[in-house]
Structures are given as structure tokens and as C-alpha cells.
Amino acid sequence: MTIKNKDNLIKEISGYFKDYKKFKMLSFRQCAKESVFFKNNYSKIYRLFYLKNKNSEQIHDLNELILCSYFSSKNVIKSIKKLNNFNYVKRKIDIKNLFNRNKKKIYLKI
Amino acid sequence: MHRYNYDIIIVGLGASGAASAWMLSKSNLKILIIEQGSQYNPKDFHKKKDTWEISKLKKFHLNPNIRKGKCDYKIDNKLSDIDIANFNGIGGSTVLYSGHFPRLHPSDFKVKNVDNVSFNWPISYNELEQYYEMNEKIVGIHGLGDDPAYPKIKNLRSPINLGKSGELISRAFKKLNWHCWPSYSAIDLKNNFSVKTVYNTYLPLIKKSKNITIKKNLEVVKILSDEKKVKGVLCYDQKKNALRFNSQLVILACNGIGTPRLLLNSKNKYFKNGIANNSSGLVGKNLMLHPLGFVEGTFNQNLNSDYGPEGCCVYSHQFYETNKKNNFKRGYTMQVLRGSGPLETSLYLKKINKIKFGKNFFNNFFENYNKTIPIAIISEDLPKLSNYVSLNEDVKDSFGMPCVKIKYKVDKNTKEILKAGIKSARKVLEVAGAKKIFSFAPVKHTGWHLMGTAKMGNNKKNSVVNRYGQCHDLKNLVIVDSSIFTTGGAVNPIGTIQALALKISERILKKKDDY
């Protein structure tokens, strides 16, 4: 595949993730540079992308390859982690109040 | 052909084989463990890794037909409502499980007495209790004591943090006055919520024993016997060299599909329909899979539901026991799961057309990611003769051994249970404030609890093994995996599998002359 073809493919797929800026995510172009999955699979993606009259299985495969390329990118994963306000560890849940340890047993006694 | 001699051969180094080997390592018996798969590096499949979600789609896929590993055998699911999931290799299916470790209820062992369905187990909850405890101590189970759904459970470590989603749903259960409790979890809190598998529980203990030899990448294709005794096993290595191992006792720990496959393939002039299958003809029959219902609520607020261990955070046994008002017998577990990762979320949304590429992709994505609470319904799955595993002589694995065919239909009782379970889960999610709720059943790819295909019982006419796991037809052939479950209950079977393996193996140590 020529560089021009690859560039065109990336440009076309970038349009799939148009609203990335609004959500502080990366563009497909940025992630394609370092996505190992995309590097390993772009010939397959190219072939499926430009295939005319794709059947449903081919459409599914192409979607899966594009989403895997994007969401397996290290930088994408990093930005998703950054976006999440992971206060999970800090939260203290009042277990005593939530779960009554003196409640009547509900299992059948044999 | 090379011949080797051992006191005991254990076939399979998954959950049951590992527990059995640990118990037997207390003796000075010469033990050989044969595992058809290889050893993988636990770091290769870890939630912390960026490749975690990609690995789940191929190398560590649940379905062996998709994974296509060297040691996987093809499973024909065409006649099954549910696809079989497993993992062949050291650790077995613990490599892929979610670390949820509940026990069966006392009533599960006596369903014939309690509900007049199926058969009673030949053992009781009380007899198994000390082995549940022993196993939970070794594995290190997190949970909260005084659970109203069980008799007292000791030795629990502090419960896993519920997270925002767990807290929200627990409050909803409380509003409904329904049982809800932190899950029994085999999770390593110090290692980024990774699950505790055979690799970090039993395997290091087994490796300390000088009497145990582990041989991997070696497939047992036949159990060798005369009419009264098992003599050993025939194996092939990856270069297709035949090897024979002789032993006084053979223990099978290959799960509810692998064990009947090996028994059926081991037919000889004394056992024309498969070894240990003369008295009952039940080898491979009564397959139980725990059909699963799936209910997912989407909320407005970010629940951080992708953060934390992958498996169940809280569960409910409110509807576990039979209620006479229902049109079904037995019941179900509601397991509240964590949300899925970004890749799985996007693939799932794409599959159900809830996300479109283009100008609103991330808008749709972030409406769902980290904002969902899934609830799995695990239903009781009573044994049926019409649900079975058989050999597929037309398709052979890389060692030349026949693969398997599955015939499995979800029965009426189970369908009714799933219907009721979905209704209950939807109600909880509504009370919790879900803005959208989505549900379906049965989930096709969830045949990961493989039970009943060499069932345990007192009568050799209607069971394959006795209460000690010994085949009725061959006393020195013992089965310790989930194929011996008489019934399946409605909980994940791992804790019961390992407790049974410990119990059966301890008996071998105490009563060597009976084998």
C-alpha cells in the first residue's frame, strides 16, 4: 500500500470519530500513529474499507477492526483513564448501614 | 513407546486438578499431572495491560472455536442454544473466570427431597462445609460475614469495595427489602484487581512438592483398562509421539466437556460405549450449563463502573429457593457486574446499533461508557438426558483425537426462571434510577459452567461415580471436576468444584486400599 493510500484511509476513518475534540479524546489520525493493532491490520482494514457491496459479516469485521485500532491505542486508553474521575478507592461505604448482618436467614435449612 | 510408572496420574491442571494435587502432595505418593495445554504468563492477560481488551477477542477468547489455540479442540455448538466456553492450559478456566466464589445452598444437595425434582446429591452441604472453608482459606476469598443467604461462612477477608455502581444498586435492593450482599470474590487487591487463579493459589504450593511431576503440552487420548481396573493412560506429545504412563490410580480433572470426551474416547473391548459407561450409560448425558439472562441499566450519572475487578460486586439470593407461588421449581442468583471496558462497550454498542460512526460517535459512547450497571441472572439448570456431549468422529484435534458435539436446549423450567429473573432485575434497576433498561436471555456465548456429564450418585444404574468420585465400574478411576455434579444449583461452581476435589482427594489418602 502506498503512503498516499494509507493517508487517505486514515483521513476517511478519522471522519468516523468527528466529535473527539468535544470529549477531549484523540483523533483517529493521532492514534493510528502508535496503535500496534492498526499497524498489524491496516492492509485488512484497507481491503475491507474499499470493498464494494460488503456483506453484513464484512461490515461487522471492518467495524471491529476500526474500533480495536482506536481503543487499543495506548494514548486513547490513557486519555480515557484521565477523563474518568476515579475516586473509587477513596470512597468509604457504610457497609453496616447498607447490609444488615442481623437479618433473618433466607436459605432453606435442611 | 516409552512407558513410565506413577502411583497417581491426574489429568488436567485446572481448578479441580490443582486442588486435588495439593491435597495429595501431603503424601509421599509419586504423582504425575498431565496438562494438554501450556503454561502462560499471567502478566500477558491482566486488566492493567493496554492489550487486555484486545486479548479477550482472540488469544484469550472464551470460545475455543474462536481462540483456536494449539491445544484447543473444536466444539460443535450447532445443536446447542448456548456456546461452550473454556480454557485449555495450566489454570484451566480460572484463567478467564471472573473470580466469583459463592457456595451452593444446603437445599441444592437435596432437591429431590425439597422440590421433588431430579436427584439428591449423595453428599450434604454439611459434609462439604469444611472443604469449602479449607479452599476459601487457600484461595483467599473476600466477602462479608453473617450473610442471610448462607450458614455461617468463616475466614473471609474484607469485602471488595463496591464502587459507586455497587453502592447505588445495593441501596435499590434495600429499598425493595430484597436480599443483597457483597460478593464472595477471589480478587487480588494488591495487584490491580486481578483475579486469583490456579497460578497464584494452588500452583506455587504444588510446585513445592518433590513428589509431583507436571507435564504440559501432552494430550491424554485414552484411559487404559481391563474389565476391573484402570492401568494407566495413553498420551501424545506435540510431535505426535505416543507415550504410555502406568499408574495405580487415575484422576480426571478435565471439566464437564473434557472428561466425558476422554471417557467416551477410551472405549475398549470391556467398555464398548466408553470407559466407566457400562452400568449407567450416562457418560456425557445430563449436561448443565446455567443459562444466563442479561439485564443492563443505563444511568445519567458517571458510575465509574469500568473501574475495579471485572466480576460481580454484589449479588442477591432473594429468589434462590423454590417459592410455591411460582410456575417453576428452584430459583436464580442476580449478580451485579461491573461495566465493561471502552473497547467492549463500543463493540457492543455498535453491534446493537446504539452507536454510529460520524459526528456523534463520542456523544453516544460517553452516554453509555461507565454509566451502566449490568445484572446477570444465573438460573438453576436441572439435568436432562436430552442435553449431552458426544464425540464428533468427523473432526479431530491436532493430536488426532475426536472433537465434541453439544446438544443442549434450554428447558421450560429454566426459561420461566430466566423470565422471572429478568423481571426482578429490571425492577431493581428501575428503583435505582436507570433511564434505560435492556434485557435478553439466554446469552448465547455463556456456556462456561460445564456440569453433570458424569454424575455422582449412590446407584450405579443412574450415576457414573459414587460419593467419593470413584467410577462405579472402575474403582481406581476417580473424577474430581464439575462433570460429577448431580445438580448445578444457581451459582458459579468453582468453590464447589475445588471443595469436592479436596474432599475426594483426602479420602484417597485415608483409604488407599479402596482404589
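The values are calculated or read from the model by the stated rules, or taken from the named source; none is laboratory data. Since we're looking at a predicted model, the values are computed, not measured. A quick note on method: Cβ atoms are made from the backbone with ideal geometry, for glycine too, and the neighbour counts reach across all protein chains shown.
Within the range B:353-367, restricting attention to residues that are among the aromatic types (Phe, Trp, Tyr) and not in a loop (DSSP other than H, G, I, E, B), which residue is farthest from the other protein chains (Cβ to nearest Cβ)?
Here the residue is B:Phe365.
On the basis of being basic (Lys, Arg), within 24 Å of the chain's Cα centre (by Cα), buried (at least 24 other Cβ atoms within 10 Å of the Cβ) and on the phi > 0 side of the Ramachandran plot, does B:Arg338 make the cut?
No: the conditions fail for B:Arg338.
Consider B:Gly293 carefully, then state whether it is closer than 30 Å to A:Tyr107 by Cα and part of a strand (DSSP E or B).
yes
For the range B:333-346, check the following and say yes or no: at least one residue is within 11 Å of chain A (Cβ to nearest Cβ), farther than 14 Å from B:Asn370 by Cβ and charged (D, E, K, R).
no
Could you tell me which of the residues B:Lys207, B:Lys175 is more than 16 Å from B:Ile90 (Cβ to Cβ) and surrounded by fewer than 17 Cβ atoms within 10 Å (Cβ to Cβ)?
Only one candidate passes the filter, namely B:Lys175.
Before we move on, is B:Glu310 out of contact with any helix residue (DSSP H, G or I) (no Cβ under 9 Å at 6 or more places or on another chain) and in contact (Cβ under 8 Å) with a residue 60 or more places away in the chain?
yes
Run down B:Asp50, B:Asp72, B:Asp81, B:Asp44 and say which single residue is surrounded by fewer than 21 Cβ atoms within 10 Å (Cβ to Cβ) and touching a Pro at 6+ places or on another chain (Cβ under 7 Å).
Exactly one residue qualifies, and that residue is B:Asp81.
Which condition does A:Leu108 not pass, out of (1) outside any helix (DSSP H, G or I); (2) modelled with pLDDT of 90 or more; (3) more than 8 Å from every other protein chain (Cβ to nearest Cβ), if it passes all the others?
Condition not satisfied by A:Leu108: (3).
Which one of A:Lys18, A:Lys11 is facing chain B (nearest Cβ under 7 Å) and modelled with pLDDT of 90 or more?
When all the criteria are applied, what remains is A:Lys18.
Report yes if some residue within the range B:347-370 is of a type in the set (Val, Ile, Thr) and modelled with pLDDT under 95; otherwise report no.
The answer is yes; a qualifying residue exists.
For the range B:167-199, which residues satisfy the criterion of being within 11 Å of chain A (Cβ to nearest Cβ) and under 24 Å from the mean Cα position of the chain (by Cα)?
Those that are within 11 Å of chain A (Cβ to nearest Cβ) and under 24 Å from the mean Cα position of the chain (by Cα): B:Cys180, B:Trp181, B:Pro182, B:Leu189, B:Phe193.
Can you confirm whether the range B:205-216 contains a residue that is out of contact with any Lys or Arg (no Cβ under 9 Å at 6 or more places or on another chain), more than 30 Å from B:Gly400 (Cβ to Cβ), at pLDDT 95 or above and part of a helix (DSSP H, G or I)?
yes
So which residues in the range B:266-283 are in contact with a strand residue (DSSP E or B) (Cβ under 6 Å, 6 or more places away or on another chain) and on the phi < 0 side of the Ramachandran plot, if there are any at all?
Hits for the range B:266-283 are B:Ser266, B:Ile275.
Which of the numbered conditions does B:Asn370 fail, given that it passes all the others? Conditions: (1) crowded, with 23+ Cβ neighbours inside 10 Å; (2) away from chain A (no Cβ under 11 Å); (3) part of a loop (DSSP other than H, G, I, E, B).
(2)
Those residues that are surrounded by 15 or more Cβ atoms within 10 Å (Cβ to Cβ), more than 8 Å from chain A (Cβ to nearest Cβ) and either in a helix (DSSP H, G or I) or of a type in the set (D, E, K, R) (or both), I need them from the range B:314-332; list them, please.
B:Lys329, B:Arg330
Can you tell which of B:Asn155, B:Asn135, B:Asn120 is in contact (Cβ under 8 Å) with a residue 60 or more places away in the chain and more than 11 Å from chain A (Cβ to nearest Cβ)?
After ruling out the rest, the residue left standing is B:Asn135.
May I ask you to verify whether B:Ser439 is surrounded by fewer than 23 Cβ atoms within 10 Å (Cβ to Cβ) and among the polar types (S, T, N, Q)?
Yes: the conditions hold for B:Ser439.
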